[in-house]
Structures are given as C-alpha cells and as structure tokens.
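Inspection log for the structure reproduced underneath, given as structure tokens.
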Amino acid sequence: MIRTNLSIHEAAVVSAICFGLFIVWSTQAVLSGFPEARFSDSGDAWMALVEAVLAASALLYLRARNFDVWSLYPQPDLRGTLFGLGLFVAAWLAGIIATAPFMSPGGPSQVTEFSFSGVSIASTVLFAMANGAFEEVFLLGVLVRGLRAYGLSIAIGFPLLVRLLYHLYQGPLGAVWVLAFGLTFTLFYIRSSRLWPAVFAHTLWDIVPVVLAGG
C-alpha cells in the first residue's frame, strides 16, 4: 500500500542517507574554527553529483518502504514560481529580523566567510537547481510531510534540526539565519503542501549571493 507517512526510524534513515555526510563535514568545519567556504565550478559539479547519488539512494529506500515517491516531483508552474519569489523575499526578511539582535559587538564573533571567486553563473545556476530540489524535496516533501502523524512539533522540529546540523559550518550567525529561513519554508509548505515554491525560493537563495558577490 502506497503511503506518505514515515516512522521515526524511517525518517532517521532518510536523514542519514541524504544529510549524514554533510552533517559530518559541517561538524568538521565547526571543530576547525569555521574556515572560509570556497566555491568553484568543479566543486559545484562534484556536490551536484554527490547529491544525485544520495537522492537516488534515498528514493530507492523510500520506494522499498512503499512511500509515494512520485508525489515528490515539485511540479513547476508560473503561479508556484511567483509564490516562490515571494517566499524567497519573506525568508530573507525573516533571516534579517532573526539575526538583527546579534549584529552587535556582543554578538557571535565566528561567522564563516564565503569565497565565490572564479565561479561561473552557469555553474552556480545548475548547482542551485540541483541543491534546491535536493534539500527541499527531502526536508519538506519527505520529512515534514512524513512526520505529520506525530504532531506539528515533530514535523517541524526534526527536519529543522537536520537542516541546522548540516549548515553549522556557516557559523553561529549563519545558524540563526538558517533557522529563520528554514522555518519560513516549513510553515509555507505545511500551509500549502506545495514543493515547487520552496524549491524555487531555495534555488534563488543559492544564486543571489553569488551574483551580489560578483561571481
């Protein structure tokens, strides 16, 4: 019988498959004192390949558990794209508001620097499309939806914790921003049950900083 719910065990397995490696790398960055995060065309291609392999592995696992994997297609359309643009702006504003109290001499001192030197726009766009779909399909379409039977606190909290853990490399201030960004996405998805706006908004989030940095 095809289903859309997950057990806690299944949610943990999917999280480990999709994000376990990134959580390990993020933890290593924290222990190393938040080194500069450097991006390159070859790095973007490698990360997109890694995510494709992990996504395929997770989908095979979910299919074996009779999860409705076909419903995970984001279904792009114009209306959803416009909603995605609005979601991107809303999440950006939420990040600004959430980090504002810490933007002072007494706030977190360790914030990861990002280097986009030499990264092409074409590479950035291709990676952003892959990464946006990978993260939001599995965080929202699988984990948030799959854990709804356990109540909103679990359905919101568990995926948000996973999102935070693999973004720890961004530093304390980045972690606050990620929480605000992720919560905005999650609340939108719970209300709308639509994946494409979140995927598109995340894709923009991966592109805009590179463009602003002159990448």
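The values are calculated or read from the model by the stated rules, or taken from the named source; none is laboratory data. The shown structure was predicted, so the numbers you read here are calculated from the model rather than taken from an experiment. Note: ideal-geometry Cβ built from the backbone for every residue, glycine included; neighbour counts use all protein chains shown.
At a glance:
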quantity: Filter result (surrounded by fewer than 16 Cβ atoms within 10 Å (Cβ to Cβ) and either free of Cβ contacts under 8 Å to residues at least 60 places away in the same chain or farther than 15 Å from H202 by Cβ (or both)) within the stretch 69-85; calculated: W70, S71, Y73, Q75, D77, L78, R79, L82
quantity: Any chance A94 is touching an Asp or Glu at 6+ places or on another chain (Cβ under 7 Å), part of a helix (DSSP H, G or I) and crowded, with 19+ Cβ neighbours inside 10 Å; calculated: no
quantity: Tabulated pairs, the stretch 23-38, first part of a strand (DSSP E or B), second of a type in the set (A, V, I, L, M, F, W, C) and surrounded by 12 or more Cβ atoms within 10 Å (Cβ to Cβ), C-beta under 7 angstrom, 6+ apart or interchain; calculated: A37/F114
quantity: Total residues in the stretch 18-61, condition at pLDDT below 90 and within 15 Å of the chain's Cα centre (by Cα); calculated: 0
quantity: Selected residue (criterion: modelled with the lowest pLDDT) from residues of the stretch 196-214 that are surrounded by fewer than 21 Cβ atoms within 10 Å (Cβ to Cβ) and of a type outside the set (A, V, I, L, M, F, W, C); calculated: G214
quantity: Index of the failed condition, F83 passing every other in (1) closer than 26 Å to L173 by Cβ; (2) in a helix (DSSP H, G or I); calculated: (1)
